[in-house]
Amino acid sequence: MVISFRTRLFGLATLVVAVVLTVVLVLGWQGLLRNEVDRLEDRLCMEARRVATQPQMGLDRPRLEADLRLRLRLGATDVLVLRLEPGGDRPPLLSADAEDLDTSALAWKPAPRFSAPPPPAAGEGPPGFDRGPPGREAGAPPEGPAGPPPRRDGPPPPRGSCELAATPLQGGDGRAARFTTPRGRALLAHSLTPLKAEMQADLQRALQLLVPLALALTALGAGLLAALTMRPVNRLRTAMQGVTRQALDQRLASAGEDREFQELIAAYNTMLDRLDASFQQANRFSADAAHELKTPLTILQGRLEQALHGANDAATQAGLSEMLDEVGRLAAITRKLLLLSQADAGRLALHRVRVDLAELLDTLVADAQMLVTDQTVSSRVEPGLHATGDALLLRQLFNNLLSNALRYGRPGGWIAVGGRRQPGGVEVVFANASAPLGAAQRKRFFDRFHRGDGAHNRAVDGHGLGLSLSREIARAHGGDLTLQASPADEVRLRLWLPEGG
């Protein structure tokens, strides 16, 4: 299966956009999860500080857990571990899952936002704390006219420090916060499973709307990119498809194109220059050679005919007759080469008249039936087939095709000619039984001077220009001559001519 470059470009652009979106989605998910985990850790530290610093007398565990679940926005099934150590001789307050949590095995790290500064050294105090002169109690208001006590800047220092750790909870990851104060310690742990589930549900709801939109925009962008990229390629392809032997002077303009396509167009135009020069040189050589040979061959043919009429010796007459045949062959080749060179240059002169193709084919088939001895010639031509064209050239075309079938057909075989009307034109088919032809021979069927393996001897007349000339005559009339698919031992040529010729 051959994939077009446009489709490949569209798929590649779609793949690149899909990979980029996937990477952005993964990185965005990780960033959002990290942000939510940080917020959860802050809430755990805040609630652990509140629990550790509030009076614990008269609080029971169910009431405290319900209050914490409300503040932390937890569901009834979410795992919440509570461990409160008031200090002194008061018993600790533990939740149902607190015994399963080994706090000593956790890797605790301080939470900078909730850590207390180191205690002041002896005789020192926090900023704004006045020790006073010796003999006066620290923190007492100054005596005399010293004025009011110094102003204390900033928030009060925290009453304790918070530590964080990762812990396994509910079959997944969790976070634990431990807040320590002089009055006791409080530990709160919460599983990340509900948080991840909630974020995944939100992400799925968002993707249900965003994914179709992203796919549509991706397809639109990839299609636009492919169309813009293929525009100069399409121009080059269209120009290449329009190149014929009569239009080798066409060149592509490269103004406004990208540098790479300018280089490609320049290489294409250079190739056309070389091709045009080579073709014109070969065409001029063929035309000049055919034109220059025409006159000497005519003179030579006339002199040989005079010599043949004046010769009395039978051997001399046989030799002159053989030489006259060879000159005739050279003259026929010259005429065909001249016609081919004119057709290549687009200067094949056509004297257009209305031609009765059915009558012309019937006459040629009747002549062929009189000449053959070991072949069967049949014809099925619809009456009233007409085309506008050069009568002499069309007769030469049909004669070449029929002669080719007679010359190279299998001995004892058959030849069939059919003609019928087609939408917009006329179709004529020449078919004959032949020796098996391979794919290589069929590929070179219309090559000039190419003859089949069985025709490389002088016993079979022909010089390999008839089919090529026939196709050029058909194309000069706006039609075409093609070799149709058929069994290996059959040759089927289809001629199509437009109604207007």
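Quick notes
- Fewest-first ranking of Val211, Val23, using other Cβ atoms within 10 Å as the exposure measure: Val23, Val211
- Stretchable slack from Arg395 to Ala331, in nm (0.36 nm times residue separation minus alpha-carbon distance): 21.1 nm
- Equivalent-ellipsoid semi-axes of segment 259-344, from the Cα gyration tensor, Å, largest first: 48, 9, 7
- Between Ala314 and Ala439, the distance separating the two model label sites (each 7 Å from Cα on the Cα→Cβ line) works out to 5.6 nm.
- With a simple spin-label model that places each label point 7 Å from the Cα along the Cα-to-Cβ direction, the separation between Asp102 and Val20 comes to 5.0 nm.
- Ranking of Thr238, Thr376 by neighbouring Cβ atoms within 10 Å, starting from the fewest: Thr238, Thr376.
- Between Leu210 and Asn35, the FRET efficiency from the beta-carbon distance, with R0 = 30 Å, is close to 0.95.
- Among Lys294, Lys443, the ranking by other beta carbons within 10 Å of each residue's beta carbon, starting with the fewest, stands as Lys443, Lys294.
- Neighbour-limited loop hits for chymotrypsin sites (Phe, Trp or Tyr not before Pro), segment 360-458 (at most 10 other Cβ within 10 Å; DSSP other than H, G, I, E, B): Phe449
- Stretchable slack from Arg183 to Leu94, in nm (0.36 nm times residue separation minus alpha-carbon distance): 30.3 nm
- The trypsin sites (Lys or Arg not before Pro) of segment 343-391 meeting both criteria, a DSSP state outside H, G, I, E and B (loop) and at most 13 other C-beta atoms within 10 angstrom of the site's C-beta, are Arg347.
- Averaging the Cα positions of each part gives two centres, and for segment 293-351 and segment 396-432 these lie 28 Å apart.
Every read-out reported here was derived from the displayed coordinates using simple, explicitly stated rules and does not represent laboratory data. These figures come from a predicted structure and were not determined experimentally. Virtual Cβ from ideal backbone geometry, glycine too; neighbours counted across all protein chains shown.
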